[in-house]
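To keep things clear, I will list the structure first and then write my remarks on it.
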Amino acid sequence: MRSGFSSKDKIKLAQRSGYICSYPSCAMLTIAPSEEGSGKTSSVGMACHIYAASEGLNAKRTNTELTDEQVSDISNGIWMCYSHGKLIDTDDLRFTPEILNEWKRINE
């Protein structure tokens, strides 16, 4: 069974990217103040896996050689806006691990 990122690592991914989507032409700021309270924020960003967090027919960029710990490690994550996060999870031929790692490197 594969696992996701910890809440702490999701925050780290967002912070390391400056809360900016890693898709090269996007540059969307993924966090803003919330009207629900002075300490609250609203986010339209997501921590995405470079290599899939699960196996199966719909999993993209699977790597069965990785342990669950490696899959859930921050090094396997990239920060994206919701639109581009969904996009990279629908086409693993176009959005390869090599491309995603390069986008992550550039954005961070």
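The values are calculated or read from the model by the stated rules, or taken from the named source; none is laboratory data. The shown structure was predicted, so the numbers you read here are calculated from the model rather than taken from an experiment. Note that we place each Cβ from the backbone using ideal geometry, even for glycine, and neighbour counts take in every protein chain shown. Quick note on the areas: whole protein, heavy atoms, side chains included, nothing else; ligands and nucleic acids left out. Shrake-Rupley method; radii C 1.70, N 1.55, O 1.52, S 1.80 Å.
Side notes on the structure shown:
- Within segment 20-68, the set of residues being polar (S, T, N, Q) and at pLDDT below 90 comprises S54, N58, T62, N63, T64, T67.
- Selection status of V71, touching a Phe, Trp or Tyr at 6+ places or on another chain (Cβ under 8 Å) and at pLDDT below 90: yes
- Residues that are among the polar types (S, T, N, Q), outside any loop (DSSP other than H, G, I, E, B) and buried (at least 21 other Cβ atoms within 10 Å of the Cβ) do not occur anywhere in segment 98-107.
- Selected residue (criterion: nearest to Y19 (Cα to Cα)) from residues of segment 60-101 that are basic (K, R) and under 14 Å from the mean Cα position of the chain (by Cα): K86
- Qualifying residue in segment 49-58 (condition: within 19 Å of S3 (Cα to Cα) and not in a loop (DSSP other than H, G, I, E, B)): yes
- The residues listed here are S38, S83, S22, S42; of these, the one that is in a loop (DSSP other than H, G, I, E, B), hydroxyl-bearing (S, T, Y) and open to solvent by 40 Å² or more (accessible area, probe 1.4 Å) is S38.
Conditions tested, residue by residue: (1) in contact with a Gly (Cβ under 8 Å, 6 or more places away or on another chain); (2) touching a residue at least 24 places away in the same chain (Cβ under 8 Å).
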site	(1), (2)
K12	no, yes
C21	yes, yes
S25	no, no
E36	no, no
S42	no, no
A47	yes, yes
A53	yes, yes
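- Cβ-Cβ contacts under 9 Å between residues 6 or more apart (or on different chains), taken from a first residue in segment 64-77 that is over 14 Å from N101 (Cα atoms) and in a helix (DSSP H, G or I) to a second residue that is aliphatic (A, V, I, L, M) and open to solvent by 70 Å² or more (accessible area, probe 1.4 Å), are listed as D68/M1.
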